[in-house]
Amino acid sequence: MRIGIDLGGTKIEAIALDANTLAAARRRVATPRDYAGTLDTIVRLVAEIEAETGRAGSVGVGIPGVVSRTTGLVKNANSTWLIGRPLLADLEARLSRPVRVANDANCFTLSEAIDGAGQGFETVFGVILGTGVGGGIAIRQRIHEGPNQIAGEWGHNPLPWMTEEERRTAPECYCGKSGCVETFLSGPGFERDHALRSGAECSSQNIVRAAASGDADALRTLARYHDRLARALASVLNLLDPDVVVLGGGMSNLPDLPSSVAVALPRYVFSDTVLTRIAVNLHGDSSGVRGAAWLWPA
Ligand SMILES: [Zn+2]
């Protein structure tokens, strides 16, 4: 049995997958906003799942960041109470077994590569379009992490082929640069762009609703989003040439996103035909926790 834990900023999810990758048990609780409480919660969830199923499991954990291979400490986490903590060593001590920890975007990508929208493809680029923009690379159903543990972090590349106006109004990013892909393609970036160009402050849902009823400003905001996503993905395709791009995160629910992006891609990719498939994820919110379970392969 494989136990996966998805340690999110607001909730911790746990799942146990049996040999047929069906969920044998599930839990979801609010994330304590301190380190000791987070450790206690993970240990308790594992104990509950093992009591419920009557079986011991391997444990994989997806986190919003990574455990540095050089220091053993968490870095790049937006759940700031994890930063600088020896999460992996503490979990292994508390759970009395080896544990694997990986970035949550990598867990998403692994899950979709194994039995999701990327199943059957050799190279999968998994994309998170949410509050932030992240990504991961799976090659033959294994995460490719890289020595800096940042493979797939395309959200902090600059938006390619910026227009004069985009360059002039490029937002500052929390990473210290400006004009990052994330500042345009995250949910907040989408809303900011709409407000900047139309003068109306709207939620993403309301922009989508307005576009569906034919609102010209909202339709233009969506069109800009499609074109920017195509530009940002084209730079990934030119480098990695993945077989499939799997879209995840809240913004992946924008209507007709894969087909709209597929139409725009050939304008930017260095190839007269683009055979890379653009797909929406299959497992939705469960992808992260499923991928965490799969950190221990068969
Ligand atoms: Zn950035």
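The values are calculated or read from the model by the stated rules, or taken from the named source; none is laboratory data. Bear in mind that the values here come from a model prediction, so they are computed numbers and not experimental data. All Cβ positions, even for glycine, are placed from backbone atoms using ideal geometry, and neighbour counts span all protein chains on display. Only protein heavy atoms, including side chains, enter the accessible area calculation; ligands, DNA and RNA are left aside. Shrake-Rupley method; radii C 1.70, N 1.55, O 1.52, S 1.80 Å.
Before moving on, here are some points about what is shown:
- Of the residues Arg142, Arg100, Arg85, the single one that is under 18 Å from Arg290 (Cα atoms), basic (Lys, Arg) and touching a strand residue (DSSP E or B) at 6+ places or on another chain (Cβ under 7 Å) is Arg100.
- Between Thr31, Thr71, Thr53, the distinction of being over 21 Å from Phe108 (Cβ atoms), in contact with a strand residue (DSSP E or B) (Cβ under 8 Å, 6 or more places away or on another chain) and of a type outside the set (Gly, Ala, Ser) belongs to Thr53 only.
- The set of residues in the range 151-180 being more than 12 Å from the ligand (Cβ to nearest atom) and either touching a residue at least 40 places away in the same chain (Cβ under 8 Å) or within 20 Å of Leu196 (Cα to Cα) (or both) consists of Gly152, Pro160, Trp161, Met162, Thr163, Glu164, Glu165, Glu166, Arg167, Arg168, Thr169.
- Taking the listed residues Phe190, Phe184, the one that is within 11 Å of the ligand (Cβ to nearest atom), assigned to a helix (DSSP H, G or I) and touching a residue at least 40 places away in the same chain (Cβ under 8 Å) is Phe184, with no other qualifying.
- Applying the criterion of at least 1 residues that are open to solvent by 50 Å² or more (accessible area, probe 1.4 Å) to the strands (runs of 3 or more DSSP E) found wholly in the range 1-94 leaves 11-17, 23-30.
- Contact map, the range 36-64: first residue closer than 11 Å to Met1 by Cα, second residue small (Gly, Ala, Ser) and surrounded by fewer than 18 Cβ atoms within 10 Å (Cβ to Cβ), Cβ cut-off under 8 Å, separation 6 or more or different chains; pairs are Glu50/Ala56.
- Count of residues meeting criterion [in a loop (DSSP other than H, G, I, E, B) and either under 24 Å from Asp227 (Cβ atoms) or within 16 Å of the ligand (Cβ to nearest atom) (or both)] in the range 124-150: 5
For (1) assigned to a helix (DSSP H, G or I); (2) surrounded by fewer than 16 Cβ atoms within 10 Å (Cβ to Cβ), each residue gets a yes or a no:
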residue	(1), (2)
Gly152	no, no
Gly176	no, yes
Ala195	yes, yes
Cys202	no, no
